[in-house]
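Enquirer: Sharing a structure with you now.
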There are 2 protein chains.
Amino acid sequence: MNSKVTPWEVDIESEEDYRKLIEEFGVKEIDDNLLNELKEITGDLHVLLRRRFFYAHRGFDELLKEYKNGKSFFIYTGRAPSKSKMHIGHLIPFILVKWLQDKFKVNVYIQIPDEEKYWAKKTDDYEATRQYAYEDARTIASVGLDPDRTFIFINSEYIKHLYKPAIYVAREISIHEAKKVFGFDDSATIGLPFYISLQIVPTFFEESYPLIPCGIDQDPYFRLQRDIAEKFNRKKAITILSKFVWGLQGPYTKMSASDPKSAIFIDDDYETVRYKILKYAFSGGGATLEEHKKYGGKPEIDVSFFWLSVLFEEDDRKLKEIEEGYRKGEITTGELKDYTAKKVWEFLRNIQENRRKIDLDKFMYDGKLASEMWNWEFKI
Amino acid sequence: MNSKVTPWEVDIESEEDYRKLIEEFGVKEIDDNLLNELKEITGDLHVLLRRRFFYAHRGFDELLKEYKNGKSFFIYTGRAPSKSKMHIGHLIPFILVKWLQDKFKVNVYIQIPDEEKYWAKKTDDYEATRQYAYEDARTIASVGLDPDRTFIFINSEYIKHLYKPAIYVAREISIHEAKKVFGFDDSATIGLPFYISLQIVPTFFEESYPLIPCGIDQDPYFRLQRDIAEKFNRKKAITILSKFVWGLQGPYTKMSASDPKSAIFIDDDYETVRYKILKYAFSGGGATLEEHKKYGGKPEIDVSFFWLSVLFEEDDRKLKEIEEGYRKGEITTGELKDYTAKKVWEFLRNIQENRRKIDLDKFMYDGKLASEMWNWEFKI
């Protein structure tokens with residue numbers, strides 16, 4: 001275990017670190033060829049793919065071949081609730097999921113493992129975490145997922161259905177393998193190794209290919225899945241893997257939900273979003289306005305620009321203009337931040353409106369897919 | 001970890017080994033004082049206690065004190081189904097449980113962990129094991145448990161209720177502690193450490209004292225339980241701990257359900273019982289009838305006598321007569337075996353009749369206690 005990246009600890013300091021991860025994990029880069037093949041099917045490409053925030057994959061090239069040959073797939077991802085509400089970074093996989101669901105009209109399964117962070121000792125209050133599980137489910141549904149093709153489940157609620165396949169999966173993985181792949185040691189709780197099996201189980205929900213958009217830190221689960229899937233007559237997991245978002249405090253920092261100076265939350269109002277960006281977002285601009293105009297800014301280390309480029313400025317031409325204008329010092333830090341705040345708010349306002357309106361029960365209990373899944377039983 | 005006794009491996013070769021286990025596990029002997037105190041309440045003593053097959057305990061003395069002060073308790077034990085049906089040795093804890101339930105009119109909870117042996121790699125076929133789970137539940141109920149005061153549950157069926165408390169319990173135990181107490185290593189499956197939490201959970205079903213009659217190999221679970229019970233406002237587990245039964249093949253051998261020459265099964269008919277005892281039961285008698293009559297037999301190494309003394313001859317005076325007669329050579333091996341076969345059959349016939357008649361659903365789903373438990377929710 002050389003990596004500084006596990007599902008519970010992430011230490012990335014540069015683009016070079018991301019390149020190294022590709023080698024270490026044995027995954028492939030998402031390159032132009034792959035994106036062109038996808039675009040042939042979908043007609044366009046989501047900004048998260050175009051800008052390579054999702055930058056690596058395992059088997060996505062083969063999945064596209066299979067898809068062209070008439071094979072089907074389903075989408076699976078998840079979100080582990082913790083001790084605070086969701087920030088904009090947490091939403092990223094679900095935004096791509098929504099786009100994929102729109103393009104391919106496939107089923108989407110979203111796991112909310114309310115035990116994971118508690119077992120990983122990232123939160124000390126299980127009941128509070130469980131409350132966030134419901135909040136998070138609502139937030140996730142608000143990206144615009146199809147209520148009849150989406151099933152959002154909380155592990156402790158859905159355990160009756162997860163447990164039997166987990167019995168099978170847990171039998172196939174030794175503590176030794178788990179340690180090797182995840183890097184934990186004997187001080188970990190007895191829950192954490194077992195949790196691995198629960199995260200693998202939803203890849204068996206359908207007999208077709210499971211496609212999993214997730215942070216690259218989650219890849220170890222699905223590497224293990226690929227070793228055992230065929231024993232259960234199931235397909236190997238296909239992953240498309242993202243980088244990590246920056247916190248407001250600077251490049252390659254963590255957007256930490258427990259630090260409001262680092263995170264923009266999904267339910268922040270416009271004033272708060274604007275205030276946080278103006279006050280806390282690390283700037284790549286000059287030390288003074290004079291210097292900035294003279295020497296220009298550095299968009300590559302500017303957190304506002306990072307966020308525009310990852311997600312919030314979908315117009316490639318416009319982004320290029322901003323990048324160049326900022327580099328030349330023609331756009332000031334204040335202007336860049338102000339623009340970013342507006343773009344973030346456009347996005348959040350939409351989510352917040354959806355969040356009030358959606359019928360969460362459809363996603364969790366009585367929509368078409370959800371009601372099927374409450375009758376689902378694992379059969380090999 | 002010095003012990004040769006864990007829930008998955010038992011290596012006992014002498015009474016001396018049993019004495020050593022008492023020290024190693026830090027439990028107490030069940031002595032005359034304790035049994036007299038119990039007898040003051042119950043009026044008499046079950047043969048399994050009188051003959052000290054249950055020979056050690058943890059906290060039972062304190063429980064009796066608390067009981068006299070008006071405190072209540074409940075009984076919990078279990079049976080892990082495996083790759084074959086139950087033999088007479090498997091029934092022993094439940095026989096004591098029935099006696100205790102009759103005397104104290106308390107609730108009894110019986111866990112059937114259908115995942116344990118599969119995770120411990122003692123069986124390779126989970127579906128078959130799961131079928132034995134239902135068979136075993138029926139066999140256990142047949143010892144005469146009270147259908148309104150008994151709840152028998154299969155883990156994979158009842159997991160919805162077990163899982164939330166298991167989330168709490170699993171958080172409190174590290175892999176390190178689990179290894180130290182149970183002696184497994186990193187080659188174990190990721191299911192096995194988590195299973196510990198599931199075996200602890202039923203000690204939290206009521207807020208009163210859990211009393212657990214079980215084989216001494218199960219004590220490690222409840223040692224861990226005692227370290228964490230108070231965090232959940234629950235009482236520390238009280239155990240009364242038995243020795244292990246001998247297989248037909250000789251003293252301190254394992255009665256193995258996978259070897260029909262070693263085991264008498266609950267559903268064996270009289271002819272089979274008699275045949276197995278006559279043909280396979282290790283004898284402490286002389287090599288020839290002549291030598292036996294001249295030098296006498298050794299009841300202390302005779303498997304038939306072992307079984308009479310442990311369970312099947314309840315009359316102390318009669319047992320003494322048999323022991324002396326056999327030692328002197330007045331009773332032959334053939335006579336001893338024949339008598340044992342009759343006594344075993346008397347017992348089995350009764351179980352088999354009950355087994356046909358009982359309404360298993362009452363114990364598992366709709367008896368008074370069972371229906372309460374299907375609405376049970378863990379609250380700290």
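Every number in this text was worked out from the coordinates using simple rules, so none of it is lab data. Bear in mind the structure is a predicted one, so any value in this text is a computation, not a measurement. Positions of Cβ are backbone-derived with ideal geometry, glycine not excepted, and every protein chain shown enters the neighbour counts.
Enquirer: Using the Kirkwood radius built from alpha carbon pairs, what does the Stokes-Einstein equation give as D for the range B:315-369 at 25 °C and 0.890 mPa s, in µm² per second?
Expert: Approximately 175 µm²/s, per Stokes-Einstein.
Enquirer: Per 0.36 nm of contour for each residue apart, how much would the distance between B:ASN33 and B:LYS103 grow if the chain were fully extended, relative to their Cα-Cα spacing?
Expert: 23.3 nm is the gain from fully extending B:ASN33 to B:LYS103.
Enquirer: Which residue fluctuates most in the GNM of chain B (Cα springs below 10 Å): B:ALA370, B:ALA128, B:ALA56?
Expert: Highest fluctuation among the options: B:ALA128.
Enquirer: Can you give me the Kirkwood hydrodynamic radius for the range A:5-247, using every pair of distinct Cα atoms, in Å to one decimal?
Expert: 18.3
Enquirer: Which of B:LYS298, A:LYS179 has the fewest other C-beta atoms within 10 Å, and how do the rest follow up to the most?
Expert: Going from sparsest to densest Cβ surroundings: B:LYS298, A:LYS179.
Enquirer: Any chance you could give the angle, 0 to 90 degrees and rounded to 10, that helix B:32-42 forms with the longest Cα principal axis of chain B?
Expert: Taking the Cα atoms of chain B, the angle to B:32-42 is about 70 degrees.
Enquirer: If you wrap the range A:13-107's Cα atoms in a convex hull and average its projection over all directions, what's the area in nm²?
Expert: In nm², the orientation-averaged hull projection of the range A:13-107 is 7.5.
Enquirer: Please find the FRET efficiency linking A:LYS379 to B:ARG52, where r is the Cβ-Cβ separation and R0 is fixed at 30 Å, and quote it to the nearest 0.05.
Expert: 0.05
Enquirer: Relative contact order for the range A:244-327 using alpha-carbon pairs under 8 Å, separation at least 6, rounded to a whole percent?
Expert: 24
Enquirer: Follow-up question, since we're still on this one. According to the Cα gyration tensor, what semi-axes, each the square root of 5 times an eigenvalue, does the equivalent ellipsoid of the protein assembly as shown have, listed from largest to smallest in whole Å?
Expert: Semi-axis lengths for the protein assembly as shown are 64, 25, 23 Å.
Enquirer: Normalised by the number of residues in chain B, what is the relative contact order in percent for Cα pairs under 8 Å and 6+ residues apart?
Expert: 20
Enquirer: Test of understanding: ordering A:ARG234, B:ARG50 by Cβ neighbours within 10 Å, fewest first, what list do you get?
Expert: Fewest-to-most Cβ neighbours within 10 Å comes out as B:ARG50, A:ARG234.
Enquirer: How high is the FRET efficiency between B:SER72 and B:LYS328 when r is their beta carbon distance and R₀ equals 60 Å, given to the nearest 0.05?
Expert: 0.75
Enquirer: For A:THR42 and A:THR272, what does the FRET efficiency come to when R0 = 25 Å and r is the distance between their Cβ atoms, rounded to the nearest 0.05?
Expert: 0.10
Enquirer: Now for a separate question. Across bins of 10 angstrom width beginning at 0, how are the C-alpha pair distances of the range B:295-340 distributed, in whole percent?
Expert: Result returned by the calculation: 31, 64, 5.
Enquirer: Got a sec? How would B:LEU162, B:LEU278 order by Cβ neighbour count within 10 Å, fewest to most?
Expert: B:LEU278, B:LEU162
Enquirer: Roughly speaking, what is the stretch gain from B:GLU290 to B:LYS20, that is 0.36 nm per residue apart minus the C-alpha to C-alpha distance, in nm to one decimal?
Expert: 93.3 nm
Enquirer: Across peptide A:170-179, how many C-beta atoms of other chains are within 10 Å of each residue C-beta, on average?
Expert: 6
Enquirer: To continue, here is another question. In Å³ and rounded to a whole number, note down the convex hull volume per residue for the Cα atoms of the range B:258-369.
Expert: Taking the convex hull of the Cα positions in the range B:258-369, it is 122 Å³ per residue.
Enquirer: Which three semi-axes in whole Å describe the equivalent ellipsoid of the range A:115-265, each the square root of 5 times a Cα gyration tensor eigenvalue, listed largest first?
Expert: 26, 20, 17
Enquirer: What 222 nm value per residue comes from the helices of chain B, counting each DSSP H run with n ≥ 4 as -39,500 (n - 2.57) and dividing by all residues, nearest 500 deg cm²/dmol?
Expert: -14500 deg cm²/dmol
Enquirer: Within the protein assembly as shown, what percent of beta bridges assigned by DSSP are antiparallel, to the nearest 5?
Expert: 40
Enquirer: Using only the C-alpha atoms of the range A:52-164, find the volume of their convex hull and express it per residue in Å³.
Expert: Roughly 137 Å³ of hull volume per residue.
Enquirer: Could you give the angle, 0 to 90 degrees to the nearest 10, between helix B:88-104's Cα long axis and the longest principal axis of the Cα atoms of chain B?
Expert: 70
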